[in-house]
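**Student:** Pasting in a structure now, in structure tokens, and then I'll have a few things to ask.
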Amino acid sequence: MKIDEKLAAAINDQINFEFHSGYLYLAMSNFWREKGRNGVANWFRVQAQEERAHAEIFMNYLHDRDGVVRLEPIAQVKQNWESLAETFADSLTHERKVTQRIYNLYALAEEEKDYATRQMLNWYIAEQVEEESTLQDILDNLELVGTDGTGILQIDRELATRTYTAPKVGNN
Ligand code: FEO
């Protein structure tokens, strides 16, 4: 069944926001690579790949429902951070915003009685719980080590081990 236009427009807006999220994480990755924190840089590069996948899942879904995808300019993002803690705190704030946006989409799908969209959004709701929890864990560890160089190096090494796995969802 063709998707309602208002809901399609809201999903299209979220596609832009997913690319914007990826852009933010790429900026974080580049910044920390330039500062020599290569593990952190790797972690954010993988995070940016995930955001692109989130956008692609939404694009595929809109196409499956005969909706229209129109890519818009991506908003400028912050480029400098004072510390790793500030970077991860910004990420957590950003992900909370994403979660709220997904909830708003879900509420709109409910209003439109669009059960397929609600079903599709369930994956994102679970994903956001993971995203927020992972960021909170990293932030807690950073707060624990404070300015201790050995602790920071240890965290950087752990973040270097993250690899990208494409999400298994829908027809992706
Ligand atoms: Fe696509 Fe990090 O939420």
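The values are calculated or read from the model by the stated rules, or taken from the named source; none is laboratory data. On a predicted model such as this, the values are computed, not experimentally measured, just so you know. When we count neighbours, we look across all protein chains shown, and the Cβ atoms used for this are built from the backbone with ideal geometry, even at glycine. The protein model used for the area step is the full one, side chains on, heavy atoms only, and it has no ligands, DNA or RNA in it. Shrake-Rupley method; radii C 1.70, N 1.55, O 1.52, S 1.80 Å.
**Student:** Taking a 1.4 Å probe, which of VAL68, VAL169, VAL98 shows the most accessible area, and what order do the others take after it? The partial results should precede the final answer.
**Tutor:** Values: VAL68 80, VAL169 30, VAL98 0 Å².
Accessible-area ranking of VAL68, VAL169, VAL98, largest first: VAL68, VAL169, VAL98.
**Student:** Using DSSP to define loop residues, name the trypsin sites (Lys or Arg not before Pro) in the stretch 1-102 whose beta-carbon has at most 15 other beta-carbon atoms within 10 Å. Could the numbers behind the result be given before it?
**Tutor:** Values: sites: LYS2, LYS6, ARG33, LYS35, ARG37, ARG45, ARG52, ARG65, ARG70, LYS78, ARG96, LYS97, ARG101; in loops: LYS2, LYS35, ARG37, ARG65, ARG70, LYS78.
Loop-located and lightly packed - LYS2, LYS35, ARG70, LYS78.
**Student:** Going by Cα centres, the stretch 110-168 and the stretch 64-84 are how many Å apart?
**Tutor:** One Cα centre to the other: 18 Å.
**Student:** Here's a follow-up. Kindly provide the pair-distance distribution of the chain built from C-alpha pairs, with 10 Å bins from 0 and whole-percent values in order of increasing distance.
**Tutor:** Pairs per bin, as whole percents: 10, 37, 31, 16, 6, 1.
**Student:** Under a cut-off of 25 Å between alpha-carbon atoms, report the lysines in cross-link reach of LYS35, not counting same-chain residues fewer than 8 places apart.
**Tutor:** Within the straight-line limit of under 25 Å, LYS35 reaches these lysines: LYS78.
**Student:** Moving on to the next point. Straight-line reach from LYS113: which aspartates and glutamates have Cα under 12 Å away, leaving out those fewer than 8 places along the same chain?
**Tutor:** ASP4
**Student:** In the stretch 1-80, with Lys and Arg counted as +1 and Asp and Glu as -1 at Cβ, which of these residues, TRP43, TRP32, HIS20, has the Cα nearest the positive end of the dipole, that is, farthest along it?
**Tutor:** Most positive-ward Cα: TRP32.
**Student:** What does the accessible area of LEU144 come to, in Å² to the nearest 10, when a probe of 1.4 Å is used?
**Tutor:** My reading of the accessible area for LEU144 is about 150 Å².
**Student:** Further question on the same structure: Of all chymotrypsin sites (Phe, Trp or Tyr not before Pro) in the stretch 2-73, which ones are in loop regions per DSSP and have a Cβ with at most 14 other Cβ atoms within 10 Å? If you can, show how the numbers build up before the last one.
**Tutor:** Values: sites: PHE17, PHE19, TYR23, TYR25, PHE31, TRP32, TRP43, PHE44, PHE58, TYR61; in loops: none.
Within the stretch 2-73, no chymotrypsin sites (Phe, Trp or Tyr not before Pro) qualify (loop, at most 14 other Cβ atoms within 10 Å).
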